[in-house]
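Engineer: Take a look at this one; I'll ask things after.
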């Protein structure tokens, strides 16, 4: 043959191709007879195996670059950052250290009592106790310090007893190093027995060598690895796992979550190559301890990933997060340590998914930039939540959201914020050592590490969310006000009749309320959302946000702006905080007035009130409740011609009561 020619063809019906899902064994290859162009048999056979599989089988490793286009270069490092991978974040523990006391301390200066404190350190985490108030050689602190550690434990707990000799000058009196592998673990609130540890005093021999000298000082403390808590490594509102650290406390899964990352369309170019805009995109999905990363599709603004992943679901009140990023590690610029750019992310709460239903929907990728909100494209996902045990899933709704220890021995908000920050840093450090590494900026963006920082936009959004929540009560109040003003006499008369029925038959009040809520729920069933909710620019107050407020939100912490701009923003913050302060003070004033009613702080007001209580008790005792309720209701809904424009007597009496505002400076 002078040119390439078809020798034979093998045809397969896709419906007849077998499905293979690991850990099934690979399919055995077979001999298939070749056919000619016209369908006639020709000489020759071809041995092959054909099946429908996923990226879980071993053949996928050979085809991972089939549609990723030609990479920028062909170095092994480039191929490493293009592949799809599955990562598992380390199991995190809380390290609880209770420093009780120290004995027989030996200060560096013999003629003074030491001003001592204890500095505890695990890796990059450093905490200090307060200085001991009593200046003695036997110091007592009894303080609790909290750290985060990850398995396998690579760091040690280092405790240093230091003496503050002068302002800004501290000297180490003694030190003890405790390996975390030797620390007791607990999964409940049992008491950990305290131990005495001998302090070692490091003595410098030369520049490169330290000699440890043991002496009589010792320290008394309790230390344990607490596995009864859930260690947060992401935002509290978007947590993907609520299980405690100790595996013996885990319950069986309630279902399986399947995610298909299909494709993205209309992506915004993130870089310039050969004079045109392009992107090298990949997706990262996080749920529980499992992170997944799709392969990178090079030079493609409409990538097709077609990858599938599964997770076990232990709680429906959890969130799956899928983010899209631009790979900045390709080519010559990748060696400079450029950060992977964020294109957008999607959050899906498991409780919003119907069991067994397949959701295929395109989610907008919205990102907030200093110039405003931008739509970076759309991500097409396929999601299915399969329930294993319907009874166990319903039982989860009756259980506490967090493990038992969070309620038995709760942490403060400041402690949780500090511990979450440390947990994110540990996860980023561990996953950054994988091959290929999952970069720190990716983990921080997926974990919402900056969600606790101040933002004028978020404050407005939360305020309007609160107003939306109470809008129903405001609407009911407005409706009742119209009833009382007789704006629609027919409706007012009907409400009077209904109220009289409920007043005469009070046992029908609660059944009527619950029946009404049941009917509202049934009526709203037809308007239920068909797809899981996604980012909403209107709720986020990102549609008409002021540019300076966005610039303030994207400012670094601590700030990097000029002093004049910081002064202007500080004055604006003082103005906003002043209004919030006024509202909080007004709420506190009303509460204090309720307390004053019986406290005799205003003796005349208290005497009037307790006299009224005595008369009311006698009247309510001799008068049927139905009569009292009917009279009160008809009085509240009386005709406007029987009303006065001045406030009512009870309101006037209440507003005259004193509060603690007189005692404030």
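The values are calculated or read from the model by the stated rules, or taken from the named source; none is laboratory data. Quantities reported herein were computed from a predicted structural model and do not represent experimental measurements. Methodologically, a virtual Cβ is constructed for each residue, glycine included, from the backbone with ideal geometry; neighbour enumeration extends over all protein chains shown.
Engineer: Being exposed (fewer than 12 other Cβ atoms within 10 Å of the Cβ) and part of a loop (DSSP other than H, G, I, E, B) is the filter here; which residues of the range 455-472 pass it?
Structural biologist: Hit for the range 455-472 is 470, nothing else.
Engineer: Can you find a residue in the range 540-550 that is modelled with pLDDT of 80 or more, out of contact with any strand residue (DSSP E or B) (no Cβ under 9 Å at 6 or more places or on another chain), surrounded by 13 or more Cβ atoms within 10 Å (Cβ to Cβ) and assigned to a helix (DSSP H, G or I)?
Structural biologist: Let us first name the residues in the range 540-550 that are modelled with pLDDT of 80 or more, namely none.
No, there is no match, as no residue in the range 540-550 is modelled with pLDDT of 80 or more, out of contact with any strand residue (DSSP E or B) (no Cβ under 9 Å at 6 or more places or on another chain), surrounded by 13 or more Cβ atoms within 10 Å (Cβ to Cβ) and assigned to a helix (DSSP H, G or I).
Engineer: Is it the case that residue 583 is more than 26 Å from the chain's Cα centre (by Cα), surrounded by 12 or more Cβ atoms within 10 Å (Cβ to Cβ) and either assigned by TED's automatic domain parsing to the domain that holds residue 371 or over 30 Å from residue 625 (Cα atoms) (or both)?
Structural biologist: Criteria not met by residue 583.
Engineer: Okay, moving on. For residue 87, indicate whether it is at pLDDT below 90, touching a helix residue (DSSP H, G or I) at 6+ places or on another chain (Cβ under 6 Å) and either buried (at least 21 other Cβ atoms within 10 Å of the Cβ) or in a strand (DSSP E or B) (or both). Show your work before the answer.
Structural biologist: Numbers: at pLDDT below 90: yes; touching a helix residue (DSSP H, G or I) at 6+ places or on another chain (Cβ under 6 Å): yes; either buried (at least 21 other Cβ atoms within 10 Å of the Cβ) or in a strand (DSSP E or B) (or both): yes.
The answer is yes for residue 87.
Engineer: If the requirement is being modelled with pLDDT of 85 or more, exposed (fewer than 14 other Cβ atoms within 10 Å of the Cβ), outside any strand (DSSP E or B) and touching a helix residue (DSSP H, G or I) at 6+ places or on another chain (Cβ under 8 Å), which of these qualifies: 269, 252, 244?
Structural biologist: None of the others qualify; the one that does is 252.
Engineer: With 333, 374 as the choices, which residue is modelled with pLDDT under 90 and touching a strand residue (DSSP E or B) at 6+ places or on another chain (Cβ under 6 Å)?
Structural biologist: Within the list 333, 374, the selection yields 374.
Engineer: Go through the range 511-539 and give me each residue that's surrounded by 12 or more Cβ atoms within 10 Å (Cβ to Cβ), closer than 20 Å to residue 472 by Cα and within 28 Å of the chain's Cα centre (by Cα).
Structural biologist: The answer is 539, and nothing else.
Engineer: Kindly indicate whether any position in the range 218-227 is surrounded by 13 or more Cβ atoms within 10 Å (Cβ to Cβ), part of a loop (DSSP other than H, G, I, E, B) and modelled with pLDDT of 75 or more.
Structural biologist: There is at least one residue in the range 218-227 that is surrounded by 13 or more Cβ atoms within 10 Å (Cβ to Cβ), part of a loop (DSSP other than H, G, I, E, B) and modelled with pLDDT of 75 or more.
Engineer: Also, I was wondering about something else. Where residues in the range 1-31 are modelled with pLDDT under 85 and assigned to a helix (DSSP H, G or I), which of them is surrounded by the fewest Cβ atoms within 10 Å (Cβ to Cβ)?
Structural biologist: 15
Engineer: Residues 153, 147: which one is in a strand (DSSP E or B), in the same structural domain as residue 197 (by TED's automatic domain parsing) and over 16 Å from residue 171 (Cα atoms)?
Structural biologist: None of the others qualify; the one that does is 147.
Engineer: Taking residue 54 as meeting all but one of (1) within 25 Å of residue 305 (Cβ to Cβ); (2) over 49 Å from the mean Cα position of the chain (by Cα), write down the number of the exception.
Structural biologist: It fails just one condition, (2).
Engineer: Would you point out which residue out of 285, 264 is within 19 Å of residue 322 (Cα to Cα), free of Cβ contacts under 8 Å to residues at least 60 places away in the same chain and either in contact with a strand residue (DSSP E or B) (Cβ under 6 Å, 6 or more places away or on another chain) or not in a strand (DSSP E or B) (or both)?
Structural biologist: Numbers: 264 fails: free of Cβ contacts under 8 Å to residues at least 60 places away in the same chain.
Unique residue meeting the criteria: 285.
Engineer: Just to be sure I understand the filter: pairs with C-beta atoms under 9 Å, separated by 6 or more residues or on different chains, first member in the range 460-489 and on the phi > 0 side of the Ramachandran plot, second member in a helix (DSSP H, G or I). Which pairs pass?
Structural biologist: 486/492; 486/640
Engineer: Another one. Need pairs with beta-carbon distance below 8 Å; first residue on the phi > 0 side of the Ramachandran plot and within the range 600-624, second part of a helix (DSSP H, G or I); sequence gap 6+ or separate chains.
Structural biologist: Qualifying pairs under 8 Å: 600/606.
Engineer: Can you spot a residue in the range 182-195 that is more than 30 Å from the chain's Cα centre (by Cα), within 25 Å of residue 228 (Cβ to Cβ) and not in a loop (DSSP other than H, G, I, E, B)?
Structural biologist: yes
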